[in-house]
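Inspection log for the structure reproduced underneath, given as C-alpha cells.
The values are calculated or read from the model by the stated rules, or taken from the named source; none is laboratory data. Note that the coordinates shown come from a computational prediction; the quantities given were computed from them, not determined experimentally. Cβ coordinates were reconstructed from backbone atoms using ideal geometry, including for glycine residues, and neighbour counts include every protein chain displayed. These accessible areas exclude ligands, DNA and RNA; they are computed on the full protein's heavy atoms, side chains included. Shrake-Rupley method; radii C 1.70, N 1.55, O 1.52, S 1.80 Å.
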Number of protein chains: 2
Amino acid sequence: MAQATGGPASGETLLFLTDEQLRKGIEAMFFAYRSFTADPDRILEGMDYGRAHHRAIHFIHRSPGTTVNNLLAILGVTKQSLNRVLRALIGDGLVESRVGRQDKRERHLHLTAKGEGLERALSDAQRARMRAAYRAAGPEAVQGFRQVLEAMMDAEARRQYQSLKEGGA
Amino acid sequence: MAQATGGPASGETLLFLTDEQLRKGIEAMFFAYRSFTADPDRILEGMDYGRAHHRAIHFIHRSPGTTVNNLLAILGVTKQSLNRVLRALIGDGLVESRVGRQDKRERHLHLTAKGEGLERALSDAQRARMRAAYRAAGPEAVQGFRQVLEAMMDAEARRQYQSLKEGGA
DNA sequence: ATTTTATGTCAGCCTTGTTGACTTTCCAAG
DNA sequence: CTTGGAAAGTCAACAAGGCTGACATAAAAT
C-alpha cells in the first residue's frame, strides 16, 4: 500500500503488478489446484464417491453437528445437490443425521467412525502434499501464500473462511 | 530448508507445519479458488459457454498456433471433451483451426478477433481480482504465494507451468 | 505397402450442478 | 388452536463437462 500510493511506478516497486506477473499467478492457481485435488480424487475413484462427497465429509468433520443449511451455505450448492450426496453418505453409514434437540426440524450432521476413517485417509493425503509444499517453500512463503489467497476471496467467502479458522463445533 | 534440517522442532520454527496450519491452507485453497473462478463464470453464464471454454480460450491465447494435442496435454482432458468445446468455439467464430504447413495432420489453433475480445473480457476480470489481491498483500507475499503453489504442483503440472512461464508462441 | 500419429466424430454413460414443484415437520404468531 | 412460514427432504427433468469405446480419415513414418 505504501508503494501504491507513492505516485507513479518508481523503479521496480510495482513490477509485481504487471499483466505478465498476474498471468503467471492465474496459471499457478490453475495448475496448483489441479494437483491439490488429485490425491483425494485418486482415493475416491473406484468408490461411488467424488469430490462433492469429499467436500461434505471435510466440512462435517471440521464442524461436527453442523446443520444442513450451514453446510449448504459453506459449499455454495443447492439443497438438492447436497441432499443427493448426503443421502449416499448416510445410507452407507459414513454420516449420521441427528434431529435437533431445540429445533427438531434441523438435522445435525456427524461423521461415524467409518466416516472419520475415510476423512482421515483423504485429509492425510491432502495434508501430505501441503506439508511438502510448505516445507519446501518455508514459513515466510507460507505466510505470503495465505495472505494472497485470503485477499483473493470475495467478502462472503472470506467471512466463511475466517469463521472456520478458529473455533471447532 | 535450513530450519527443516536443523534437527527437532526447536521453538516455533516448525509451527507452520502443524496439522492446524495445513488445514487452514487447504481451506484457503478451497475458498480462494471458488472466488478466483467466479468472475469469468459470471461473464460466461448466459452465453453457451462454461469454464471449459474459458480454459481453452486462455491457453490458445497464451500459445497461439498450439496444436490440439498440445492443448489436450495442458488441459488434461480427453480429445472428445476438448473437441466438443473446440467445435463450439470454431463454429461460433472465436477460434480458427489452421491445417499445419509442415505436418498437415496437425491443426494449429488461433483466436479470431472475436475470440480475442472474449479472452480480454475474461482475463480482465480475473486479472483485476488478482491485481487487487497482489496489491493488498504486497510483493513479498506474492513471491511466497507463487513459491507455495509451485511446490504444490506435481512434477508434470510444474513442467507444464514452467514451460508456459517464459516464451510465447 | 503398412503402420503409426493426429484429428475428428458418434453414441452412450457418469457426476454434479441447476430449477421447479411438492410434502412433511415443526416453530411461532395470531 | 389454527395458521403461516421456515427447515428439510424428495421427485422429475435437464445441462455442462468429464469419461470410454468404436470408428473414419489423412498424412507422416517406417
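Among the helices (runs of 4 or more DSSP H) confined to the range A:109-169, the ones with at least 1 residues that are more than 9 Å from every other protein chain (Cβ to nearest Cβ), crowded, with 16+ Cβ neighbours inside 10 Å and touching a Pro at 6+ places or on another chain (Cβ under 9 Å) are located at A:113-137.
One residue stands out among those in the range B:57-105 that are within 14 Å of chain A (Cβ to nearest Cβ) and within 11 Å of DNA strand C (Cβ to nearest atom): the one that is least open to solvent (accessible area, probe 1.4 Å), which is B:Leu71.
Total residues in the range A:98-145 satisfying the condition of being within 16 Å of DNA strand D (Cβ to nearest atom) and within 30 Å of A:Met47 (Cα to Cα): the figure is 10.
Show me the helices (runs of 4 or more DSSP H) found entirely inside the range A:17-75 where at least 2 residues are among the basic types (Lys, Arg). Show your work before the answer.
On the way: elements: A:19-44, A:51-62, A:68-75.
Those helices (runs of 4 or more DSSP H) span A:19-44, A:51-62.
Would you pick out the residues in the range B:106-115 that are farther than 21 Å from B:Leu164 by Cβ and either within 11 Å of DNA strand C (Cβ to nearest atom) or touching a strand residue (DSSP E or B) at 6+ places or on another chain (Cβ under 9 Å) (or both)? Hit for the range B:106-115 is B:Thr112, nothing else.
Pairs meeting the criteria (first residue in the range B:124-141 and closer than 16 Å to A:Asp154 by Cβ, second residue open to solvent by 70 Å² or more (accessible area, probe 1.4 Å), beta carbons under 6 Å, at least 6 apart or on different chains) are B:Ala137/A:Gln147.
Conditions (1) of a type in the set (A, V, I, L, M, F, W, C); (2) over 18 Å from A:Phe36 (Cβ atoms), marked per residue:
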{"position": "B:Lys114", "(1), (2)": "no, yes"}
{"position": "B:Ala128", "(1), (2)": "yes, yes"}
{"position": "B:Ala136", "(1), (2)": "yes, yes"}
{"position": "B:Gly144", "(1), (2)": "no, no"}
{"position": "B:Glu150", "(1), (2)": "no, no"}
{"position": "B:Met153", "(1), (2)": "yes, no"}
{"position": "B:Glu156", "(1), (2)": "no, no"}
{"position": "B:Gln162", "(1), (2)": "no, no"}
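One line per residue, one yes/no per condition, for (1) at pLDDT 95 or above; (2) farther than 24 Å from B:Ala52 by Cα; (3) among the hydroxyl-bearing types (Ser, Thr, Tyr):
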residue: A:Thr5; (1), (2), (3): no, yes, yes
residue: A:Gly11; (1), (2), (3): no, yes, no
residue: A:Phe16; (1), (2), (3): no, yes, no
residue: A:Arg23; (1), (2), (3): yes, no, no
residue: A:Pro40; (1), (2), (3): yes, no, no
residue: A:Met47; (1), (2), (3): no, yes, no
residue: A:His58; (1), (2), (3): yes, yes, no
residue: A:Ser63; (1), (2), (3): no, yes, yes
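Close Cβ contacts (under 8 Å, 6 or more residues apart or on different chains) running from residues in the range B:51-65 that are without any contact (Cβ under 8 Å) to a residue 24 or more places away in the chain to residues that are open to solvent by less than 20 Å² (accessible area, probe 1.4 Å) and assigned to a loop (DSSP other than H, G, I, E, B) are absent. When A:Pro40 is tested against (1) touching a residue at least 40 places away in the same chain (Cβ under 8 Å); (2) open to solvent by 10 Å² or more (accessible area, probe 1.4 Å), only condition (2) is not met.
Within the range B:8-41, the only residue that satisfies the criterion of being under 21 Å from B:Ala133 (Cα atoms) and away from every other protein chain (no Cβ under 11 Å) is B:Asp41.
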